[in-house]
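Shown next, in structure tokens, is the structure this report addresses.
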Amino acid sequence: MAPKRNAHEAFGNMISQKPLSAFAAARLAKHVPAYQAPLEDRALSLDATSLAQVPYDGTHEDTTSDVESQPVDSVLTPMLKPTTIVRSPTHGKGAVEEGPDGRLTITLRNNETAAYVGEYDLRVLEGIATIYGAVLTPTSSPRRRRDGTVVQISHVESTMRALDKLSPLFRNIWRKEDDPTRTFQPLQNPADDESQHSLLPLEVDQRTEMVLSRLATEVESTARLTRIMAVGAKSSGKSTFNRILCNALISKPSLRKLLYLDLDPGQAEFGPSGQLSLVEVTAPILGPPFTHPACARSPRYRLLRAHTIAATSFKDDPAHYVACATELVQHADRQYPLVVNSCGWVSGLGASVLQDLTQALSITQVVLLEPLDAGLTAALQTSCSDATFHRLSRQPVRPTARTPAESRSMQTMAYFHHRAAKPTSEPRWSSKAISNRPPWLVSYDGPHAGIQAIISYGTQPHPDFLAETLDGSLVALVRLDAQYQREVFNPSHHTATLESSTDDSSESATATPSPGLIKRTKDGLPYIRPTPTGATAPLDPRFSECVSLALVRGIDTQNKFLQLVTPLSESQVAVLMDQPLVIVRGSFDAPEWAYLEDLHLNGRESGVKSERPWVSRTEAVGIEGAVWRLRHPPLASDMR
Amino acid sequence: MPRYTIHPWRTHTDLLTVRAQLYHVDTPAPDARRHAVDRILSCWKLRGNLPHAVESTALLIDAQLHHQSQNADRSDFALRAVYTAAFTRFVTGFCDIGRSREGLLQPSSMLDVAKRIGMPVRFVGLRHEAVHEELPSLGRLVGAVQEALRWLWEVYWSRLEVSDLNGVEGNGKVDDGEVENEVRRVLKAFRSSRRDAFRTNRQRAAEHQSEVEAFVEACGRILDSNSRDRRGVGMFVKVLVDERFLVPSGRSLGDSMDGAFTLWDPLLSRLVESHHTLPAALVQRLQAQLTESTVQSSKDVTSEAFALWLLHALEFSNTYAAHGSTDASLQAATLRTCCLYPGHWTTMVGQRLLDRDAELIADYQALFEASLLVANSEVMEEDTEVGAAIDCGPSELPISTRDELVAAKPLALLDDSTAAVGWRRALFAPCVPIGIVA
């Protein structure tokens, strides 16, 4: 094996004028999806044929709007000095007692910290403990002990871990347990974490503490009419701040509840990407986003209403994005404070959208996270002069081990595997491969069609290829108000457009002026023709609501139904069935995770069937060698 | 550990078709290029993961088609703009990807990347000119685009692996009958070798072990023959099951099968280890035996033997299959068959499977019970109406049994609801990859 290259070799000249942040370094190292070869193997083979197969979709430049880091607690930081964060009580002094079934009772003195990696239930028995900004007290009698705090942490039944059989992304999210009876491990020193990620302490500086307490006072004093939005560039610590803020507010005995407006379609806190949602939060937000999807039945993170922009960025239709956000905020009960999770696009179009948002949402408190463009700050201050502005100094960058795309696919995967929980129980994840889940058979044609139309946001597929585009892709299911549906889709469409259904859309546009908006493809798929300006009018958020994402598992053109897999429960679907529904497709990430789940689960091709659409198997020797048979050495003469 | 690549085309053949259409490899149909370009740009591109070479080719050809079209309205500027946009994206993409692949802090210039990857440096020059200076003249653009297409052919399209299915067709086609004879011969020899060993009580002797080893090798060769279409496995299983090799002769109802298992296990367990398609084939064949006669007599000795073998096969395929992984879909497929063919022995198999596995209970308990009710209340009869709800089960079964399967009564329970409801839950968990409608 080749000796390990150090960071200098791996990333080139480190002593450049432009120092590379640890985050950027991690990004550079992580351009390759997990199922492909690591960078090391391919960095040296720069030839046209290997470049030719790489998609050019905006991930190669650092300018795209959908890229934002996300604070996860597992990080890859080769360049950071391991800090001793943990003043953990040691076993010897009786500070940690091991109870039955592996539960630990820990006595902590003032300002002492205990760090445990994994999943666990935490109960404060005596005293007060804080975790991620949340203040925890004993449920029975919150009396303060002079000599510290006693907490109990216990093993939980983890269903999320089962997902590691379905995707390598979920392997080793937490440390590997030495002890199978426990889902957590004490962490004495960040360096002793052998699961490849060293951990950073979450440090809340004084300035942040001050802003937090000011915001809390504000919330308690102003009859709770507070709407808070943190504004900051990607990886400026915005999401971390939002969580600490939420956890702090929720810990106030007078509050216990707040509303969270999730407006970051690229890195949502509570839902799959592409979704904007209003969530009622009644419990601290602790794990990474994929551990706490919001849903209508969740007692902790209850989804009140959601819209979809069917993309990880609002660049295609900023007006619709603002309209969705504005509509969602109408549903926010003014009794409770509202925390807005904006997205980290703070330049150009992103900046002007932020300005619109602060006004449209009547934000009262703006938290500015440095570094921020002075022009944007000034513009925000003039556009909402009533708001109070708080400024936070630059936060330490918390580099992540995952690319935004990887985080998104983990989140989407967790979303699809999430089982709607009973109101009292813990959320559960199904370990069944998504391809083995019985789909819903949704008819798309005929008098009893389960969906009215398929709408494309962003770029339109050619109608001839709508089925091919839709097959195996992610879509959003949107419920329309019946009234709106009647107005928008002419009710007589069904008879009127069937005749012209086989036409090419461009021809039929001129040849047969059809009364309805809905056209049909050769297969009978109903779609909405784009307007002459090239764009499809998005659904009006006032009269529509995104109910769920769905995976088009297959299209049965013979019987004219779509096979849809959704995380919705049967009873939820039963409610939806007789309502007007449309399917919205756009530029969701391709659900690569879904195509591979059963392969990872079985570890081999199972059964006799070998056809697997959209997936090629490449041998371990490397992608280039396997798919592309090289007829001569890779252009060695052209190498410098 | 194999790796998987996701691409927007469904199968490799689709990509080859598009290549032929774009480059006129053998189909000079006039609309073919247009069709291929549309497919790439307004379908594959939207699906994501489209290789830049494919996208570039489509863009460049789209520009050419635009030029060739008879539209009188288009201006000189429009033409040059289309060519320029396509060409610029082509060059920029390659250079950007090359830079990010290098992963340097100070990225190399486009020119450097072009040199390294063997892209003609005048491409980069022309791009620079088009972006920062005047739009190049039409003549130069036309020439450059043609050259770019040739270059793309060279670095990408020409290197696509041509499906080698065609190549194999002709050679080494062995007569099916011959293979079956060979299977029969080997199995018979194996059986008598084992019986002899047991009779003389030397089944553990090293000598006998090496005999078994030789049989494993012989069978392995048969299984590997025609491996592409997996006919070897099919024929092996067919002879093994259909010709009653697995059923002890002179067996009476309720006898233990342990003797037969002991006899065959050394061979089968080894073969399952080395041939991962064998368990599924064996299980299907056993299912087919059980379900072939619509009325299963509870007195049928052979059916009982097959039912016990079915359970045994599922068990040992879990134990011995490669990587020690459990193939839950195989169990589920079997249980599905048991639900669809309620009979004395299938019910027994189904019940045992349910007893073993909690996950199966969640999915199948209700269906299984329903199938029992129906089976008890009425006699199976032929029914020509095809239930629309079957979207998976049949694919796992031999075609010949499919018609019976759709006629199975439990499905009729659903027929009334199918017509009027837009949303229905599929009856079965599918066992095919995403994208396949069974």
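The values are calculated or read from the model by the stated rules, or taken from the named source; none is laboratory data. These numbers were taken from a predicted model, which means no experiment stands behind them. No Cβ is skipped: glycine too gets one built from the backbone with ideal geometry, and neighbour counts run over all protein chains shown. Just the protein is used for accessible areas: all its heavy atoms, side chains included, with ligands, DNA and RNA removed. Shrake-Rupley method; radii C 1.70, N 1.55, O 1.52, S 1.80 Å.
Counting only other chains, and only Cβ atoms inside 10 Å, what mean value do you get across the residues of A:431-441?
On the way: counts 1, 5, 6, 1, 9, 10, 4, 9, 9, 5, 11.
Rounded to a whole number, the mean comes out at 6.
Total buried accessible area between A and B, probe 1.4 Å, nearest 100: 9400 Å².
If you take the square roots of the eigenvalues of the alpha-carbon gyration tensor of the stretch B:12-163 and sort them as a ≥ b ≥ c, do you get rounded (a/c under 1.5), prolate (a/b over b/c) or oblate? Since a/c reaches 1.5 but b/c is at least a/b, the shape of the stretch B:12-163 is classed as oblate.
Count, for each residue of B:46-58, the Cβ atoms from other chains sitting within 10 Å of its Cβ, then give me the mean as a whole number.
Numbers: counts 16, 11, 9, 9, 6, 7, 8, 7, 3, 3, 2, 1, 0.
Across the residues of B:46-58, the mean count of other-chain Cβ atoms within 10 Å is 6.
Need one word for the stretch A:200-245: rounded, prolate or oblate. Basis is the Cα gyration tensor (sqrt eigenvalues a ≥ b ≥ c); a/c below 1.5 gives rounded, then a/b vs b/c decides. Oblate, because a/c is 1.5 or more while a/b does not exceed b/c.
Given the peptides B:62-68, B:209-215, arrange them by the average over their residues of other C-beta atoms within 10 Å, most packed first.
On the way: B:62-68: 16.9, B:209-215: 14.6.
Descending packing order for the listed peptides: B:62-68, B:209-215.
Under 5 Å between amide hydrogens, built in the peptide plane, is the criterion, and for A:ASP540 it picks out nothing among residues at least 5 positions away or on other chains.
When each of the peptides A:203-215, A:233-245, B:103-115 is scored by how many other beta carbons lie within 10 Å of its residues on average, the order from highest to lowest is A:233-245, B:103-115, A:203-215. Rounded is the label for the stretch A:206-410, because the ratio a/c of its alpha-carbon gyration tensor axes (a ≥ b ≥ c) stays below 1.5. When all alpha carbon pairs of the stretch A:201-281 are counted in 10 Å bins from zero, the resulting P(r) reads 16, 49, 31, 4 %.
With a Förster radius of 45 Å, plug the Cβ-Cβ distance of A:ALA162 and A:THR533 into 1/(1 + (r/R0)^6) and report the FRET value to the nearest 0.05. Let's see the in-between values first.
Details: r = 48 Å, r/R0 = 1.07.
E between A:ALA162 and A:THR533, to the nearest 0.05, is 0.40.
Extending 7 Å from Cα along the Cβ direction at B:ASP31 and again at B:ASP258 yields two label points whose distance is 7.1 nm.
Ranking of A:THR113, B:THR337 by solvent-accessible surface, largest first: A:THR113, B:THR337 (1.4 Å probe, protein heavy atoms only, all chains present). Computed from the Kirkwood radius of its Cα pairs, the Stokes-Einstein diffusion coefficient for the stretch A:401-460 at 20 °C and 1.002 mPa s stands at 142 µm²/s. Inter-chain neighbour count for B:355-366: the average number of beta-carbon atoms from partner chains within 10 Å of each residue's beta-carbon is 1.
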